[in-house]
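Working notes for the structure below.
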Amino acid sequence: MNAPEPTANAKSALTLYDVALPSRMLIGTAQYPSPHVLASAVEASGAGIVTVSLRREQARGRMGERFLELVGALGVRVLPNTAGCRTVKEAVTTAQMAREVFNTDWIKLEVIANDDTLQPDVFGLAEAAAVLNADGFKVLPYTTEDLSVAERLLNAGCQVLMPWGAPIGTGRGLANPYALQSMRAYFPDTPLIIDAGIGAPSHAAQAMEMGFDGVLLNTAVAKAGDPVRMAQAFAQAIDAGRAAFESGLMGMRDMAQPSTPVAGTPFFDLKRGDA
Amino acid sequence: MNAPEPTANAKSALTLYDVALPSRMLIGTAQYPSPHVLASAVEASGAGIVTVSLRREQARGRMGERFLELVGALGVRVLPNTAGCRTVKEAVTTAQMAREVFNTDWIKLEVIANDDTLQPDVFGLAEAAAVLNADGFKVLPYTTEDLSVAERLLNAGCQVLMPWGAPIGTGRGLANPYALQSMRAYFPDTPLIIDAGIGAPSHAAQAMEMGFDGVLLNTAVAKAGDPVRMAQAFAQAIDAGRAAFESGLMGMRDMAQPSTPVAGTPFFDLKRGDA
Amino acid sequence: MNAPEPTANAKSALTLYDVALPSRMLIGTAQYPSPHVLASAVEASGAGIVTVSLRREQARGRMGERFLELVGALGVRVLPNTAGCRTVKEAVTTAQMAREVFNTDWIKLEVIANDDTLQPDVFGLAEAAAVLNADGFKVLPYTTEDLSVAERLLNAGCQVLMPWGAPIGTGRGLANPYALQSMRAYFPDTPLIIDAGIGAPSHAAQAMEMGFDGVLLNTAVAKAGDPVRMAQAFAQAIDAGRAAFESGLMGMRDMAQPSTPVAGTPFFDLKRGDA
Amino acid sequence: MNAPEPTANAKSALTLYDVALPSRMLIGTAQYPSPHVLASAVEASGAGIVTVSLRREQARGRMGERFLELVGALGVRVLPNTAGCRTVKEAVTTAQMAREVFNTDWIKLEVIANDDTLQPDVFGLAEAAAVLNADGFKVLPYTTEDLSVAERLLNAGCQVLMPWGAPIGTGRGLANPYALQSMRAYFPDTPLIIDAGIGAPSHAAQAMEMGFDGVLLNTAVAKAGDPVRMAQAFAQAIDAGRAAFESGLMGMRDMAQPSTPVAGTPFFDLKRGDA
Amino acid sequence: MVTQVEVRTLIVNGEAVMTAAETLADLVAERGLAEAKVATARNGTFVPEKARATTPLFFDDHIEIVSPRHGG
Amino acid sequence: MVTQVEVRTLIVNGEAVMTAAETLADLVAERGLAEAKVATARNGTFVPEKARATTPLFFDDHIEIVSPRHGG
Amino acid sequence: MVTQVEVRTLIVNGEAVMTAAETLADLVAERGLAEAKVATARNGTFVPEKARATTPLFFDDHIEIVSPRHGG
Amino acid sequence: MVTQVEVRTLIVNGEAVMTAAETLADLVAERGLAEAKVATARNGTFVPEKARATTPLFFDDHIEIVSPRHGG
């Protein structure tokens, strides 16, 4: 049977903060048409980590409880975010609240600079990362491809970085593949997860082919016509991209080169005769 | 169990010339490090069609026989090509020889214009296609994204077109995605297979996301460090791209848009107070 | 008057069909807000060739006469087109009518394949080019980047080719720079003019930097907010791109390299001390 | 002498720190084959600002004096840089030394993060900018397209920003045009100069078409085969790009649209008859 | 004596036209274009100016009369 | 004897609220959240669950009470 | 009695070959390919297997004998 | 009477230098740069021209003396 074996990549599974994960895909839990679709999409993705958030409680806490039950049933690790935070203090307090409620010291750290691009405020990000690392958190910072910011985050104790592909929710793919390639080359040993901006499986595959360690996405799955099938498509594409990276991609050439052998081509002498 | 099911796409399998195929991937048989790797790569790809060629016989026909046995054991359909042909007559005669030896009326028609780009000679291609269609062949022409050439080929009786992604063996991916998208839109009902130039799974996924019906490739698998695993990677990427196309991809946006809900963001009033 | 001086590049001026031209820019005469703006834009462009057309006469021939007067006053060479022609016969007859009315044997040959892309029907184009060359015309065919079509046109007697940048009126710039670069390399001695699809001066400069011999455009000037100034902008960009091509562009590098000298950098030892 | 006239764009000339400049081009003084070529290239560029540096004195100060004389004779404003500085202290001290020697309070502030990309250390940059602004400098920071860094620099008192196009000396053009466009939109009123990475006039024109206020470059001119002519080519391209921006560029379209009028096309009824 | 004039229906520039013109030159003159900068074709084939006078017209002929216009 | 209850105005989750709660634990209980999976902050600083009972409330305190939600 | 055999020079697969074969079938057999999976062309035109025995060979004929091979 | 001159080892522009100069101004003059267009720093801190004469030198001081050069 010639079907691709999804377990084939088991030996190269991703390890973040000493935790071995079953997949290089991380998936968000927002914007799905229904809790059922969310659960099915997460399952179809094979992701070992889902991102979650904290929001002001509603309906006497019932909403939060139902969500926790839903996520708990998925059997995956939760990664709370600090989405929407604009300052170091907001991000730190949100992280601390998340640690208590979600019972995890992992945090996807977002400190947002503006509404147009939702890009990280790299100063706030670095400062919050230092505070949270000192407070015992395992910080996964949402950052840019900036090497000086990356270095600051690593020095602050982060062991994983999550550079953006493109602004959150734009679905543009890798806006600056050249800089991302530089980042990959500059930090060969740091787990780097592309987070945000991924719009299609081909984008995710491209990131993996470049050697990134994983991809975190949400909108492209949740807002697909069929989120469950799209989740599976991304999972396949991420596996494919990683396998390609590990299998050794051919280089690009400027000039064409026949695949079929030239030696023994029939009529070759006739041609010369014609010329 | 959250593994992607490779059979999920069964219902959307590709049909070419009324033949239902198990996969949207077509794979070449040239340039592999060994017959064993070739066989394993084809199997890993799940492809239902492999391309083959005719070359001047060597070793009293033993070479051809061994190759036929190898391909026969794969249990797939063979698609002979006319690689290396420069004229209509060469291509037609090669096709006729192939029909006899391979016992199939399918032909991947190549009429090559020059060595630098190995691009089709579109005039010779159209003429040879007409001759071969009249002679009862099922022609799969290797062509460009040119709509006027495509129309001529369809009028000549071709029911499948195989536009290039980029010149053979370059691995550049889709050199002109804009024109290929126009082609897809202009011929919504014709099976269109991207043939040549594909260098990475992400390229194949992109083609499928654009709505192409399949991908034919050779060098990117055969020349990979690990061809077998690369074949599987391409198979996954092609499945992923097709699934994404059928599942409805999100559109691209210029402005960022939060995935995590904005409503209920903590500290929101504090922020206003600060401002 | 701030018009660019067409003599600036005198020594590298373009020669087409043995006619020396004062500029590498060719400009269309359609879609301007007024005849006055048209005249001023052509003048500002410095172009030595303007394209014109034939349409069914209106107002007892007055319209055509006024247009001829307008163009005549510009002191430039007219290049009639066969825009809108779909068949060889239409294109040939239109060319013959144009020769009589405009008193020139130069013809911009267009044989259009479809309305979506307005791309050349490459078969009709090649056939019409052969007919017109035999009839004594100097044919400037609007073609694609296809090398086999180009070769056919040259064999038919064309001494200039005009490949598209992108479909007419789209303003997308060079849709397939890789293929255009191949074309330039493959025909080093044939005058190649990029015709259609140019939307901005940077597109025109890019084409010239790649070694193309000239640029023909219309919509990007005529539909600009200020067509006269835009015409001049294109003229400058085309001059700039050509000058850059002739002056020897630096190559691209992957790694950064300081422009300011490294030797003698102050504090260099302090740094080592710190490290 | 064929130098472009800097007064051509007089009404749209660039103003930085209340100083009106004759040109939107800024040019570096390094890497030229000879002092004479340097002087001629600067003159041909029409630039009103040249960048200079400080290096350890050699030859009893004669080298510096000759360079100052050379630059003084150009009649342009000098903009000293802090190239090669890695720390805030180095950059601040270098700026202070430059102020004394060059007798200007303008400084192109560079704080470099690493040798691979020569990208700004955005933390050091922001801190040094604050120190230097407080010390009375007019700071022109070499920065990235990062909006949060930009905001920090503006808050520190910078009135001009100089985002990179691509890493210094790579000649790649605009590596992330999407993000640069966001930056332009986000800071509509701040003078933004593209600094570094520009390799060809078309790159410079593109930046200007996007609405950037100027371009600073060095290697692409100094390392050209003919630096003087290349300098002029860049000047033209920058003028062209600015003029295009101010003249209102046409939008891009997906579908082709005839430039020649459709109404009155001959043979139109015949065609219908044929169909 | 009464001269009988034959009137034909032609398609001129895409529109049906009734005319008594017997040659293409007549037709061009009838439309006030004798001196105009126009070119002509009959049934898709170019008719040079000099040949118009000797080019007869028949029922349902398709005539094109074109003049210079802006173009791209 | 009458016990006098002091009522304070707080900002809870961005809205002005009148409450007699004297501690953050009281407030959480008053809103029916004593057993709920919520986390709390007072004036921008995290208050762990165990500290709520010893966290007094003052006029115009800004209190956040948050619970799990989907996120990206 | 002596049978005289005529020997011809052909171009087979691009190389000059001296052969006594009178038909294409003879030539194929002479090369040990009678049972092999090969296809043939004479002077650029396909010769089906069944027609080989009736296909005579002449001086300077260009013969192609091809067999299956890998291809892209 | 003999004046005893103290000689110090400094790092000037990255190289170890033995000098009797007591001030930065002395050092600059010693190197023939009294009239030259140079700027100076001591241990990473800028020393304006006017302050050189009052800037003493100590063992192992790091001195930078820089002059204009081309730059990008």
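Readers should treat all values here as calculations from the given coordinates under stated rules, not as data from a laboratory. From a predicted model like this one, the values you see are computed outputs, not experimental measurements. Because the Cβ atoms are built from the backbone with ideal geometry, glycine has one as well, and the counts that use them run over all protein chains shown.
Can you give the % of DSSP beta bridges in the protein assembly as shown that are antiparallel, to the nearest 5?
Details: 84 of 176 bridges.
Taking every DSSP beta bridge with both residues in the protein assembly as shown, the antiparallel ones total about 50 percent.
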Pick out, from H:Ala41, H:Thr55, H:Val7, the residue whose Cα sits farthest towards the positive end of the charge dipole of the stretch H:1-57, with +1 on the Cβ of Lys and Arg and -1 on the Cβ of Asp and Glu. H:Ala41
Between copies, how far apart are the C:Asp105 label points? List them in nm, one decimal, shortest first, with each point 7 Å from Cα toward Cβ, please? 5.1, 7.3, 8.9
Just to be sure I understand: with springs between alpha-carbon atoms less than 10 Å apart, which residue in A:Pro22, A:Pro33, A:Pro141 has the highest mean-square fluctuation in the Gaussian network model of chain A? A:Pro33
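Please compute, over every Cα-Cα pair in chain E, the percentage with a separation greater than 15 angstrom. Walk me through the numbers on the way to the answer.
Details: 1326 of 2556 pairs.
Every Cα pair in chain E considered, those over 15 Å come to 52 percent.
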Which chain E residue comes nearest the axis with its C-beta when you rotate E onto F, and by how many angstrom? E:Gly72, 24
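Based on DSSP loop calls and a cut-off of at most 16 other Cβ atoms within 10 Å, the longest stretch of chain H free of exposed GluC sites (Glu not before Pro) is what? Display every interim value, and only then the final one.
Numbers: sites that count: H:Glu6, H:Glu22, H:Glu35.
The answer is H:36-72.
First check a/c for chain C, with a ≥ b ≥ c the square roots of the eigenvalues of its C-alpha gyration tensor; if it is under 1.5, answer rounded, and if not, answer prolate when a/b is larger than b/c or oblate otherwise. Intermediate values should be presented prior to the final figure.
Values: a/c = 2.44, a/b = 1.75, b/c = 1.40.
Prolate is the answer for chain C, as a/c is 1.5 or above and a/b outweighs b/c.
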When chain A is modelled as a GNM with alpha-carbon springs shorter than 10 Å, which of A:Ala150, A:Ala59, A:Ala129 fluctuates the most? A:Ala59
Between A:Asp115, A:Asp146, A:Asp195, which gets the highest mean-square fluctuation from a Gaussian network model of chain A, Cα cutoff 10 Å? A:Asp115
Need one word for the stretch A:153-266: rounded, prolate or oblate. Basis is the Cα gyration tensor (sqrt eigenvalues a ≥ b ≥ c); a/c below 1.5 gives rounded, then a/b vs b/c decides. oblate
Considering only the label points, 7 Å along Cα→Cβ from Cα, what distances in nm to one decimal separate G:Pro56 from the same position in each other copy, shortest first? 5.9, 12.0, 12.4
Which percent, nearest 5, of DSSP beta bridges in chain G are antiparallel? 85 percent
Once both label points are put 7 Å beyond Cα along the C-beta direction, the D:Asn155-C:Leu74 separation in nm becomes 5.5 nm
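Percent of Cα-Cα pairs more than 23 Å apart in the stretch D:51-156, please. Each step should come with its number before you reach the end.
Values: 1569 of 5565 pairs.
When every Cα pair of the stretch D:51-156 is considered, 28 percent fall beyond 23 Å.
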For the protein assembly as shown, compute Rh as the Kirkwood radius over C-alpha pairs and then the Stokes-Einstein diffusion coefficient at 10 °C and 1.306 mPa s; write the answer in µm²/s, rounded to an integer. 44 µm²/s
Bridge type composition, the stretch A:65-211 - antiparallel percent by DSSP, nearest 5: 10 percent
Whole-percent pair-distance distribution, where bins are 5 Å wide, for the alpha carbons of the stretch A:141-217: 3, 18, 33, 26, 14, 5, 1
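Kindly identify the stretch A:203-253 as rounded, prolate or oblate by the Cα gyration tensor criterion: order the square roots of the eigenvalues as a ≥ b ≥ c, call it rounded if a/c is under 1.5, otherwise compare a/b with b/c, prolate if a/b is larger, else oblate.
Working: a/c = 2.63, a/b = 2.47, b/c = 1.07.
Prolate.
About the Cα centre of the stretch C:169-248, what is the dipole size in debye to 20, counting +1 per Lys and Arg Cβ and -1 per Asp and Glu Cβ, all else neutral? If you can, show how the numbers build up before the last one.
On the way: 5 positive and 7 negative charges, 54 e Å.
Computed charge dipole of the stretch C:169-248: roughly 260 debye.
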H:Glu30 to H:Thr54: FRET efficiency via 1/(1 + (r/R0)^6), r the Cβ-Cβ distance, R0 22 Å, to the nearest 0.05? 0.85
Can you give the calculated 222 nm mean residue ellipticity of chain B, where each DSSP H run of n ≥ 4 adds -39,500 (n - 2.57) and the sum is split over every residue, rounded to the nearest 500 deg cm²/dmol? -12000 deg cm²/dmol
Whole Å is fine, so just give me how far the alpha carbon centre of the stretch C:171-194 lies from that of the stretch D:32-74. 39 Å
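Kindly provide the helix-only [θ] at 222 nm of chain F, computed as the sum of -39,500 (n - 2.57) over DSSP H runs of four or more divided by all residues, to the nearest 500 deg cm²/dmol? Don't jump to the answer; show the numbers that get you there.
Numbers: 1 runs with 7 residues, N = 72.
Theoretical 222 nm ellipticity from helices: -2500 deg cm²/dmol.
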List, shortest first and in nm to one decimal, how far the label point of B:Pro35 (7 Å from Cα along Cα→Cβ) is from its counterparts in the other copies. 6.0, 7.6, 8.0
